[in-house]
Each structure stands twice: as C-alpha cells, then as structure tokens.
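Just so you know, all these numbers are worked out from the coordinates, no wet-lab data involved. All values reported here derive from a predicted model rather than from experimental measurement. In this analysis, Cβ positions are derived from the backbone assuming ideal geometry, glycine residues included, and neighbour counts consider all displayed protein chains.
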Amino acid sequence: MATEPVPQANAGVLTGLGERFRGFLPVVIDLETGGFNARTDALLEIAAVLLGLDEAGNLCRGETFAYHVMPFAGANLEPAALQVTGIDPHHPLRPAIPERDALQRVFREVRNAMKAAGCTRAVLVGHNAHFDLGFLNEAIARCDIKRSPFHPFAIFDTATLAGVALGQTVLARAVRAAGLGWDERAAHTATYDAEVTADLFCMIVNRFRPLYESVPPLTDTQPVPDSGPTGA
C-alpha cells in the first residue's frame, strides 16, 4: 500500500522543471533484486515515479509505473534477499514480464516526461542510488538497449540528502523524521519504496527552495564541462 501522494504534478507548469535541475529530469527509481551483485543477481521489480511542479512551484510526486520482472536466464537468487522482499519469483500468479520489456516500458514514460518538461536527460533518484543505478546499467547492457534516457553515472541520492537535511540516512528513519509516515508492511516493494523516496526527495528539495532561489544566475562565460569524472 502506497502512501498518499503529495499534490499531483501540474502538466501546465512542467516546463519549469527543466530549468530547476539544469535540463535534467529527476526520476525516482527503486529496484527489488535477488541479491546485491548487479552482474549475477536477478532484477525482480522495477518502479519509476515521475516528478513535476505544482501550481506553487513546489516539486511533487506524479505518476508511478511499476512492473514485476522475470529473472534473466541463469540469474542468481539469494534466499536471504527473497526473504526480505517476500518475492516468490516463480509464483504462477506473479504478473512478471521479461526484463527488456519492463525497461522499455519505463524508458518510454521517462522519455515522454523529458519531452514534456523540456529536459535533455533523466537522472536517477534513489535511496542509496548507486545500488539501483548499478543494477539498472547492468540490465541495460544485458538487454542490449542502445539508448537509455538515464545519465550513466549522475544520481540524486536521498540517503545523502536526508543525512544533511534530517540527520537520518536509513529510509524508514528519514521518512519518519520528515513526518511522512512509514508502513513497514508495505516496505521492500518497489512501488512503495519508490513513492516514499519520491515524497522524501520532494520534501527536501522544497525545503531548500529558498536557498536555490537566492543563488544568482551564472554569468561566467568560461565553458563548464557536462560530462566526465568531475562533471555531470
């Protein structure tokens, strides 16, 4: 069971989102997996939460797209990981689809949102985001998908952001500290974890909005790199 969303994104003001993050579209991603090794362990669930701006210009949660995923051929499934998530990958009633199909469906929605927001690239938002990005990048390579909408290494990590803003790095503790509420029974599903991570990210970004708005526009004409070890 997902939390009640903050006010839905207003499509009429989505163009402002492209300016807020320098042409990047933040998309919250949560993956449930069969272990911790991105190369060998199965991807079992994927959820993507789109974000937008409400009429007041605050970042807010939009639509969620979520899929159960079939383990790829030869994928490792760690019993301890399955015990945490409660996923039975081979349950006959589990509505799972092939990994490539799940990625392509998510990427299609992300590209549509990028176009609507005037963004040039999506950036993964996650809690301990490098874990999710690592599994996502491995799945992209495994499925031979040539064009991903996501930046290959840039992320927004809510564990780091929550540590700065709230003094908490564990998702459940950070969500409680933010006053958003936490449902332990719904946790460890991709949809629930992605949606509460989205609400946490929005709350932190909105809290820092006065600081963002106080920063003068860059006037330096010196080119700034957009990629590489020190740029994103």
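A dipole drawn for the chain from +1 and -1 charges on Cβ atoms has a positive end, and of T120, F107, L93 the residue lying farthest that way is T120. Per the Debye formula on identical point scatterers at the alpha carbon atoms of the chain, with no solvent, log10 I(q)/I(0) at q = 0.12 Å⁻¹ is -0.66.
The shape of the stretch 98-232 comes out oblate: with a ≥ b ≥ c from the C-alpha gyration tensor, a/c is at least 1.5 while a/b does not beat b/c. Here the residues D88, D101, D199, D157, ranked from fewest to most Cβ neighbours within 10 Å of their Cβ, fall in the order D88, D101, D157, D199. Here the alpha carbons of the stretch 81-121 define both size measures, Rg and Dmax, at 15.3, 42 Å.
Take each complete run of DSSP H in the chain, measure how far its Cα atoms stretch along the helix's own axis, and keep only those covering 24 Å or more with mean Kyte-Doolittle hydropathy at least -0.5; list them. Those that pass (Cα extent of 24 Å or more, hydropathy at least -0.5) are 190-207. Before rounding to the nearest 500, sum -39500 (n - 2.57) across all DSSP H runs of length at least 4 in the chain and divide by the residue total; then give [θ] at 222 nm in deg cm²/dmol. Taken over the chain, the calculation gives -11000 deg cm²/dmol.
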